[in-house]
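In what follows, a structure is listed as structure tokens, so that the remarks can point back to it.
FYI, it's all coordinate maths here, none of it is from the lab. Given the structure is predicted, the values throughout are model-derived calculations rather than measurements. Please note: Cβ atoms are built from the backbone with ideal geometry, for glycine as well, and neighbour counts cover all protein chains shown.
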Amino acid sequence: MNRNLVKCITLISLCASTPAESRELPQALSVPGGIAEIHLGSSHQPAPKVYFNQQRVLVTRNRDQWLALVGIPLETSPGAQHISVNTPEKSYELSFNVSYKHYPEQHLTIKNQRMVNPEPEDELRIAEDLKHINQAIDTWTEQEVVDTAFSTPVEGRISGVFGSRRFFNNQPKNPHSGLDIAAPAGSPIKAPAHARVINTGNYYYNGNSVFLDHGQGLITGYFHMTAIHVRPGQVVKPGDILGTVGATGRVTGPHLHWNAYLNHTKIDAALLIPDDMPRLQMRNRK
Ligand SMILES: [Zn+2]
């Protein structure tokens, strides 16, 4: 082979593996439970303030453009939706289209009846839990740079997908709110990106939980842990250990239930790690 050609091929393969090639943004998927990415114009202007359903929306710089990352609620009907965009000079609306997505059914058997039909005292605790969880999800931190280059928080296989219409012991329940990654109890759960710990606690359904604030309303939650290794206020970098996989709360076995939120809306966490999802899904076939 011609020496120049060899050199050229070597350069191409080097380029393909440089970090600059890695994905820095979530996967855009404008469906219920997905993320709409909407271009807002030149980033030489100040960042506009964007709202969807009265909630502030994350706006990030992508090359020389401002880009809104809009979380779309699972209950949204397909069709046109609008964001409002506010700059110092003007306010206007931009529309975007939401497409249909089919979410499968999932049937699970839970042995502990109180996890399916809670007692009145459990209901009181669940209501109290919700206050803390909602407070975490409500967090808005004004910061220009949001680390959206996520890595997978735990090594395992996908045991449950976001949005599935769930039945516990044949009773219809709320759709599945996160991505389940099954792994042996005690496996380390790592911070997938730069963030700040905003809440840790033990909750009725979610068990031992950690919530991370990534800035501008991007929040992630880690549930069913055995042990929690971080505390509220702590700043974490990618790879820092948040705790370990467990089976606390409402579970059928040890796994990480991973939630993600944008503009106070639960979205599919798989969209944060699209490049790694095929690898994790392959493990199901073994
Ligand atoms: Zn789950």
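If you take the Cα centroid of segment 131-165 and the Cα centroid of segment 66-120, the two points sit 14 Å apart. Averaging the sequence gap over all C-alpha pairs within less than 8 Å and six or more residues apart, then dividing by the number of residues, gives segment 105-285 a relative contact order of 25 percent.
For segment 23-98, a/c is not less than 1.5, where a ≥ b ≥ c are the root eigenvalues of the C-alpha gyration tensor, and a/b does not top b/c. That puts it in the oblate class.
The loop-placed trypsin sites (Lys or Arg not before Pro) in segment 87-125, going by DSSP, that have at most 10 neighbouring Cβ atoms within 10 Å of their Cβ come out as K90, K111. Straight-line cross-link partners of K49 among the aspartates and glutamates, defined as a Cα under 18 Å from its Cα and at least 8 positions apart when in the same chain: E37, D64, E89, E93, D138, E142, E144.
Can you flag which of K111/K266; K131/K237; K131/K266 are past 18 Å Cα-Cα? As for pairs spanning more than 18 Å Cα to Cα, those are K111/K266; K131/K237. Electrostatic bookkeeping for G178 treats Lys and Arg as +1 and Asp and Glu as -1; over the other residues with beta carbon under 9 Å from its beta carbon, the sum is -1.
Inter-label distance, A47 to Q65: 1.7 nm, where each label sits 7 Å from its Cα along the C-beta direction.
For the chain, the longest principal axis of the C-alpha atoms and the axis of helix 3-16 are separated by about 40°.
The GluC sites (Glu not before Pro) of segment 42-113 that meet both conditions, a loop assignment by DSSP and at most 10 other Cβ atoms within 10 Å of the site Cβ, are E75, E89.
Judged by the gyration tensor of its Cα atoms, with axes a ≥ b ≥ c, the chain is oblate; a/c meets the 1.5 cut and b/c is at least as large as a/b. Here r is the Cβ-Cβ distance between N117 and A185 and R0 is 30 Å; the resulting FRET efficiency, rounded to 0.05, is 0.70.
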